[in-house]
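Here the structure is laid out as structure tokens; the discussion comes afterwards.
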Amino acid sequence: MDVSAAEAAPGVALVMTHRNAPKMAVPPPIGMTNLKAAGNHTLPIMQDAEIRWNGQVVAVVLAGTREQADHAATLIRVGYDTAPARTRFEEGKAGAYTPESMLVEKNRLDKGNAAKKLAEAAFKIDALYTTPWENHNPIEPHATTIVWQDGKLVVHDATQMIHGTAGSLAKIFGLKEGDVQVSSPYVGGGFGAKGLWDHQILGVAAAKLADRPVRVALTRANMQRLIGGRTQTEQWVALAADADGKLKALLHHGYGVKPLHSICDEGFTLTGRSLYACESFDIVQHYVDLDLLANSFMRGPGETPGTFAIECAMDELAYAIGMDPIELRRRNVATRDPVSGAPHSQSAMMEAYDMGAARFGWHRRIAQPGMRREGEWLIGMGCASGTFPFMRMPGTSVRITIDTSGDAHVASAAHEMGMGTATVQRQHAADRLGLPLDRVTVTIGDSSLPFASFAGGSSQTASLAAAISAASGKLVAELLRLAGNDTPLAGLKPAEAEFANGGLRSVEDPSRSESFASILRRSGREELSVVGESGAPLEIMKYAMHSTSANFCELRVSDVTGEIRVDRLVGAFDCGHILNAKTATSQFKGGMVMGLGMALTEETLLDERTGRIMSTSLADYHVPVHLDVPDIDVLWTGIPDPRTPLGARGIGEIGTTGVAAAIANAVFNATGKRIRDLPLTLDKLR
């Protein structure tokens, strides 16, 4: 490398390469057992001259302006010694590896001799479904500002892993955890992209080397080549059923890409294990190790591509039998976990189907494909199920502080990415503490606050709710202790007291009460703080816990050009109790728009000769725009889950799952053509 011209360029403060970069440990990988880590891969960062994927950073230029840095970067000269690389998916399949586990489950499931039952079945389908690489494109690109102060590190980041980022940076740079502060009060969209990637780590290293504050802001092209996305998948699905439509066998084999340095499992074959009751299963997933950027989490990881394959296959089976697709699902819906036999905590997928079908007007569907036409437009309807598991993270903590004014303040290092975290938890705390909403404030988004796990897997709301519940219980006990014997509350146990009207009162005798202010003043305090923590999610170990959905699509396809226009989408969701109708509606609709993009437009273009991502802007990587997005109607069962905090399950991921399958099934109903390869582009319909 020759960086001399870049170093001499106007405004340049530093050019950092592997030659002068400080020593950095490998990022600790994020995982269920290490929630204070956020690394997405296990590769050394700028510690040697080896290039491990096409797009890896080899130099960082610091300058006074972005334009000066960009210009200086063009002056760097790099010579490469090439070596054989594995960049082709088809060639890599021959050497694919088969992991023992997939997330927290065994990868291989072989139950009931599925191959034999497939061969003997009255009805069967056997098809291959493929989905492409997909990359993240949140409205807000990744950006980080770094300041070193007296040996301590302050990072202003856009992240959905605040404590994970702080803990990881401490380990990478050999710091104490308390010497790293990460601030991220608001994030302009995450979807799994806003974890810890090379740009934050390199920015911290460059700021240390230059001894000055540094801001790193990624361009769209940077994002495509530095931030991992959803792996491509190849999924073989075979279904067997008897004459009554009862499933006898479900076989689901798949290949995805997961470089050995990646930590993200895209468990798309897990989908078929939970939705439908079946006598036999044959399920396994293989990974191809390629010399590419690490794949990573993307909204609805696993279930989003998995439901495309399973739900298209269910539609194909329904057509083969001559049965309504909803009726086929009704005859096979699981009443308990099909594999473990565990009871459901709460499940009402068919109730969601009934609600959605009534709202959508499913009775107007014509089963025979190609029978509805308006001029050049062929019109079709399709449906598909969606699913996503319930998750709740242990260790998430919340501090509740009350003061003599009667106000309450809630604090946690939680994340707000537009889904309404602060709003919903403020509502919850106000209800729990018996206070008006305007007497409760919420502070989130900083690692100096009590620990919160990452915002992902639709887990944050339940985790925070459990922590607020625990903190409220502690607050009751502490207030009763402070109140002592000279109070109307004397002698009450915590279970016998409740919050009301800015204080505590007896459950059995509401006249026995005392305000927060009175208790605090008598004890000589201005305020009282307690910290509550979300305990181990024991409910997941006892019950099968999944959110489900019924997705409906009506669309039209031009028989002249093959253009697809989605006219309307309806999503009916069974996610337990809905805490806030407005924020939930936005979450569901946003997820469905992402499902629409998956179905019709999104595809990362990879040059397999070189392993280089070529679609580096929104001109090349197509996401839905206003003209693509139809009327979207959402509704929900609202049935509380008795095993979860507040009776709610997470809703962040479920909206995306099943949408692509509903659209593909509607295309078949309109045209009679089965397109099993996403996205559903014009060339595949001609």
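We did not get these values from a lab; they are worked out from the coordinates using the rules stated. Being a predicted model, the structure only gives us computed values, none of them experimental. Here Cβ is always computed from backbone atoms with ideal geometry, including for glycine, and neighbour counts include all displayed protein chains.
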For every other residue with a beta carbon closer than 13 angstrom to the beta carbon of Q47, add +1 if it is Lys or Arg and -1 if Asp or Glu, then tell me the sum. 0
Suppose each label sits 7 Å from its Cα in the direction of the beta carbon; what would the T98-E50 distance come out to in nanometres? 2.9 nm
Could you give each residue of segment 179-185 its phi-based ³J(HN,Hα) in whole Hz, using Karplus coefficients 6.51, -1.76, 1.60 with θ = phi - 60°, and x for Gly or Pro? 8, 10, 10, 10, 10, 7, x
What aspartates and glutamates does K117 reach when the alpha-carbon gap must be under 19 Å and sequence neighbours fewer than 8 apart in one chain are set aside? D126, D242, D244, E279, D282, E316
Is segment 5-88 rounded, prolate or oblate when judged by the Cα gyration tensor, a ≥ b ≥ c being the square roots of its eigenvalues, rounded requiring a/c under 1.5 and prolate requiring a/b larger than b/c? oblate
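To check you understand DSSP bridge types, tell me what percent of the beta bridges within the chain (both residues inside) are antiparallel, rounded to 5. Mind showing how you got there, number by number?
Numbers: 91 of 117 bridges.
Given both bridge residues lie in the chain, the antiparallel proportion sits at roughly 80 percent.
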Over 27 Å (Cα to Cα) among K258/K582; K258/K542; K111/K246; K194/K582; K171/K474; K106/K258 -> K258/K582; K258/K542; K171/K474
For peptides 163-169, 565-571, sequence by mean Cβ density within 10 Å, most packed first: 163-169, 565-571
Amide H neighbours of F123 at under 5 Å, excluding residues fewer than 5 places away on the same chain, with H built from the backbone geometry, are A241
Distance in Å, no decimals, from the C-alpha centre of segment 139-190 to the one of segment 318-390 is 44 Å
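When the Cα atoms of segment 502-637 are enclosed in a convex hull and the volume is divided per residue, what value in Å³ results?
Values: hull volume 40.8 nm³, N = 136.
Dividing the Cα hull volume of segment 502-637 by its residues yields 300 Å³.
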Using the Cα centre as the reference, give the magnitude of the dipole from point charges on the C-beta atoms of the chain (Lys, Arg: +1; Asp, Glu: -1; all else neutral), rounded to the nearest 20 debye. 500 debye
Considering the dipole of the chain built from charges on the beta carbon (Lys and Arg +1, Asp and Glu -1) around the Cα centre, which of T657, H199, P450 is farthest to its positive end? P450
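When only DSSP loop residues count, what chymotrypsin sites (Phe, Trp or Tyr not before Pro) in segment 410-519 have their Cβ near at most 11 other Cβ atoms within 10 Å?
Working: sites: F451, F454, F499, F516; in loops: F451, F454.
Here no loop site has a sparse enough neighbourhood.
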Quick check: the distance between the Cα centres of segment 567-620 and segment 7-37, to the nearest angstrom? 31 Å
With n ≥ 4 as the cut-off for DSSP H runs, can you work out [θ] at 222 nm for the chain, using -39500 (n - 2.57) per run divided by the number of residues, rounded to the nearest 500? -7500 deg cm²/dmol
Taking amide hydrogens as modeled 1.01 Å from N in the peptide plane, which residues meet the under 5 Å criterion relative to G370, leaving out close sequence neighbours? A670, T671, G672
J(HN,Hα) series, segment 548-554, from Karplus relation 6.51 cos²θ - 1.76 cosθ + 1.60, nearest Hz, glycine and proline x: 9, 8, 10, 9, 10, 9, 10
Highest first, please rank the peptides 400-410, 144-154 by the mean number of other Cβ atoms sitting within 10 Å of their residues. 400-410, 144-154
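Counting alpha carbon pairs within less than 8 Å and at least 6 residues apart, what relative contact order, in whole percent, applies to the chain? Each step should come with its number before you reach the end.
On the way: 1702 pairs, mean separation 109.3, N = 686.
Answer for the chain is 16 percent.
Over 44 Å, how big is the tail of the calculated P(r) for the chain, in percent of all Cα pairs?
Working: 66063 of 234955 pairs.
That tail contains 28 percent of the Cα-Cα pairs.
Can you give me the Kirkwood hydrodynamic radius for segment 35-125, using every pair of distinct Cα atoms, in Å to one decimal?
On the way: mean 1/r = 0.0512 Å⁻¹.
Kirkwood radius, segment 35-125: 19.5 Å.
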Normalised convex hull volume, segment 397-536, alpha-carbon set, Å³ per residue: 103 Å³
